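Remarks on the structure that follows.
The values are calculated or read from the model by the stated rules, or taken from the named source; none is laboratory data. Here the structure is a predicted model, which is why all the values come from computation and not from measurement. Heads up, the Cβs are rebuilt from the backbone with ideal geometry, glycines too, and the neighbour counts pull from every protein chain shown.
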Amino acid sequence: MIFDGGGIAPNPTELPWFAIRVRPRYEKQVAQSIESKNIHTFLPLYAARHRWSDRTKEVHVPLFDGYVFCQLDPSDRMPVLVTPGVFQFVGIGKIPVPVEPSEIAALQSIVQFGSVVRPWPFLKDGERVRVDDGPLRNTEGILLRGADSDQVVVSVTLLQRSVAVKVDRAWITPIRSWMRKPADTETRWDEARVAAR
């Protein structure tokens, strides 16, 4: 599930996405308040079962507790900062750092796909994979092999948080580091080989 309010939707290629640190358990209220200021927000949610003493209920909670994403010009961030429940933009000092566009796009694809999704610890090491088929085509992440199914973990590096989504084994292709070399790497390799002679 996704909370994606009715604010004016800017062209995604024009404005960067930023992560905002907000008061825990107030993510939905903060997102609604920011949307009321015509700023585009993204709050990815997942279904979780919560148990109380008298009942168990399925509720939708944020994938990244304490964070809301918004898309805006960083010089116009004051309306967001004065929103009740907002602590700060995630960044270096007081300078907000945008979230990688590919990471936001991957999260939006996962949420819109409607697959079973849940928070996952941030992973730095592991086999990188790409989903080559299905609704998550071209999404990259880290593979987790399970006994009954495979999952791809998609990470938001800036937040050091991740989410896991189930995928069909036939859709996954490993990404090898040697397959991702930029074109100029070949030239440097040739130069190093010539210099070694």
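The strands (runs of 3 or more DSSP E) found wholly in region 1-76 and carrying at least 1 residues that are modelled with pLDDT under 90 and in contact with a His (Cβ under 9 Å, 6 or more places away or on another chain) occupy 40-51.
For (1) under 23 Å from the mean Cα position of the chain (by Cα); (2) touching a residue at least 24 places away in the same chain (Cβ under 8 Å); (3) farther than 22 Å from A105 by Cβ, each residue gets a yes or a no:
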position: E35; (1), (2), (3): yes, yes, no
position: T41; (1), (2), (3): yes, yes, no
position: L45; (1), (2), (3): yes, yes, no
position: R55; (1), (2), (3): no, no, yes
position: L63; (1), (2), (3): yes, yes, no
position: V68; (1), (2), (3): yes, yes, no
position: Q71; (1), (2), (3): yes, yes, no
position: P74; (1), (2), (3): yes, yes, no
position: P79; (1), (2), (3): no, yes, yes
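So if I check each of R176, R169, which one is at pLDDT below 80 and either of a type outside the set (D, E, K, R) or surrounded by fewer than 10 Cβ atoms within 10 Å (Cβ to Cβ) (or both)? Lay out the reasoning, then the answer.
Working: R176 fails: either of a type outside the set (D, E, K, R) or surrounded by fewer than 10 Cβ atoms within 10 Å (Cβ to Cβ) (or both).
After applying the criteria, what remains is R169.
Elements of the type strands (runs of 3 or more DSSP E) sitting completely within region 82-156 and holding at least 2 residues that are in contact with a Pro (Cβ under 8 Å, 6 or more places away or on another chain): these cover 128-131.
Selection over region 73-100 of residues that are surrounded by fewer than 17 Cβ atoms within 10 Å (Cβ to Cβ) and either of a type in the set (G, A, S) or in contact with a Gly (Cβ under 7 Å, 6 or more places away or on another chain) (or both) gives a count of 4. Only a single item in (1) modelled with pLDDT of 75 or more; (2) over 24 Å from the mean Cα position of the chain (by Cα) is not met by Q160, and it is number (2).
Residues are listed down the side, and each one gets a yes or a no for (1) among the small types (G, A, S); (2) under 17 Å from D65 (Cα atoms); (3) crowded, with 21+ Cβ neighbours inside 10 Å:
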{"residue": "S102", "(1), (2), (3)": "yes, no, no"}
{"residue": "G114", "(1), (2), (3)": "yes, no, no"}
{"residue": "E127", "(1), (2), (3)": "no, no, no"}
{"residue": "L143", "(1), (2), (3)": "no, no, no"}
{"residue": "S149", "(1), (2), (3)": "yes, no, no"}
{"residue": "V152", "(1), (2), (3)": "no, no, yes"}
{"residue": "V156", "(1), (2), (3)": "no, yes, yes"}
{"residue": "L159", "(1), (2), (3)": "no, yes, no"}
